[in-house]
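Q: The structure's right below; bear with me while I get my questions together.
The values are calculated or read from the model by the stated rules, or taken from the named source; none is laboratory data. Quick caveat, the model's predicted, so the values are computed rather than measured. Reconstructed Cβ throughout: ideal geometry from the backbone, glycine too, with neighbour counts over all protein chains shown. Just so you know, the surface numbers come from the protein's heavy atoms only, side chains and all, with ligands and any DNA or RNA stripped out. Shrake-Rupley method; radii C 1.70, N 1.55, O 1.52, S 1.80 Å.
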Amino acid sequence: MVLTPRLELEDVWVASPEGGWILRGVRLRFPERALTALIGPSGAGKSTLLSLLNRLRDPDRGRVLLDGRDVRETEVRALRRRVGMVLQRPYLFPGTVAENVRFGPASRGESGPPVEELLAQVALPPEMAERRVDGLSGGEQQRVALARALANRPEVLLLDEPTASLDPGATLRVEETVRQLVETTGLTVIWVTHDLGQARRVADYVVLVMAGELAESGEAAGFFAGPASEAGRRFLAGELLPREGAGRAPA
Ligand SMILES: Nc1ncnc2c1ncn2[C@@H]1O[C@H](COP(=O)(O)OP(=O)(O)O)[C@@H](O)[C@H]1O
Ligand SMILES: [Mg+2]
């Protein structure tokens, strides 16, 4: 079992280098020991919001709090052990699965949890430990990236479109694996996706971001049964409402 991290955004604003704001006045507390899907159209600010939680970026106004303390008060590597992250494309270094999975603890001179146990948590067989990562499928590599994040025993796991480069079968298997993790360990997961079908399959809660603002948040079942906000209704109905001037490719 893992700890119950309290992760909050307190009136958070992020400025755009081009002028204006990428995030505007976001106030939010993420539900603990559950999976929250962070949804919204491309360019809404989902990745930016996620990047504040492990200090890939800091807000220009407002605060991000972990257990009531500003995350800027915690040494960044210590914070990132508690708040792990897996991106759309796994960045693995050339070497074996075991070397990649042990990377975090090894860099601190620790042995960390047994590799076989971490592989089991992401539904990979123990004999995969000695395989080289470059021979693995995209889905397997993404699981190795998950196992590597879990090696730090994080309290929160941030996922940014982790299945965007996977085929439908591998996508479903990663979804199942992460659900299992939440249910068996009580991990807090925040999963950015622009895929409503995926959010519907995996999420306990949803947070909907539209054009840099928090449009709606609540239990997933309630949201999908009938959103409370007009923005939510329009998003569910498939009217994407991209933010003004955001004609660029998904980031
Ligand atoms: N470093 C940056 N420089 C300039 N614009 C950025 C930067 N990061 C994000 N943006 C802009 O902020 C908006 C939100 O981006 P992002 O958080 O990546 O959205 P999402 O993940 O929802 O697609 C987009 O309009 C994007 O172009
Ligand atoms: Mg994004």
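Q: Can you give the Kirkwood hydrodynamic radius for segment 1-107, in Å, rounded to one decimal and based on Cα pairs?
A: 15.5 Å
Q: Past the 28 angstrom mark, what percentage of all C-alpha to C-alpha distances in the chain do you count?
A: 32 percent
Q: What FRET efficiency, computed as 1/(1 + (r/R0)^6) with R0 = 22 Å and r the Cβ-Cβ distance, is obtained for R132 and F103, rounded to the nearest 0.05?
A: About 0.90, to the nearest 0.05.
Q: Multiply the residue separation of A120 and E219 by 0.36 nm, subtract the distance between their alpha-carbon atoms, and state the gained length in nm to one decimal.
A: 32.7 nm
Q: How much length is gained if the chain between S111 and T4 is pulled fully straight, taking 0.36 nm per residue apart and subtracting their Cα-Cα distance, in nm to one decimal?
A: Working it through step by step, the gained length comes to 36.1 nm.
Q: Which percent of the accessible heavy-atom area of the chain goes to carbon and sulfur, probe 1.4 angstrom?
A: Percent of accessible area from carbon and sulfur atoms in the chain: 49.
Q: Taking H as built 1.01 Å from N, whose amide H comes closer than 5 Å to the amide H of G43, not counting residues under 5 places away?
A: Amide H neighbours of G43, under 5 Å, 5+ apart: A251.
Q: When the chain is fully extended, how far beyond the present Cα-Cα distance does T185 get from R69, taking 0.36 nm per residue of separation?
A: 39.4 nm is the gain from fully extending T185 to R69.
Q: Another one. Farthest toward the dipole's positive end in the chain, which of P114, L150, V71, given Cβ charges of +1 (Lys, Arg) and -1 (Asp, Glu) about the Cα centre?
A: Value: V71.
Q: In addition: Which longest uninterrupted range of the chain lacks any GluC sites (Glu not before Pro) assigned by DSSP to a loop state (not H, G, I, E or B) and surrounded by at most 14 other Cβ atoms within 10 Å?
A: With GluC sites (Glu not before Pro) excluded where exposed in loops, the chain gives 111-238 as its longest stretch.
Q: Based on Cα positions only, what radius of gyration and what Dmax would you give for segment 59-141, in angstroms?
A: 15.9, 48
Q: Shifting gears a bit: If only Cα atoms are counted, what is the Rg of segment 157-215, and what is its Dmax, in Å?
A: 11.8, 35
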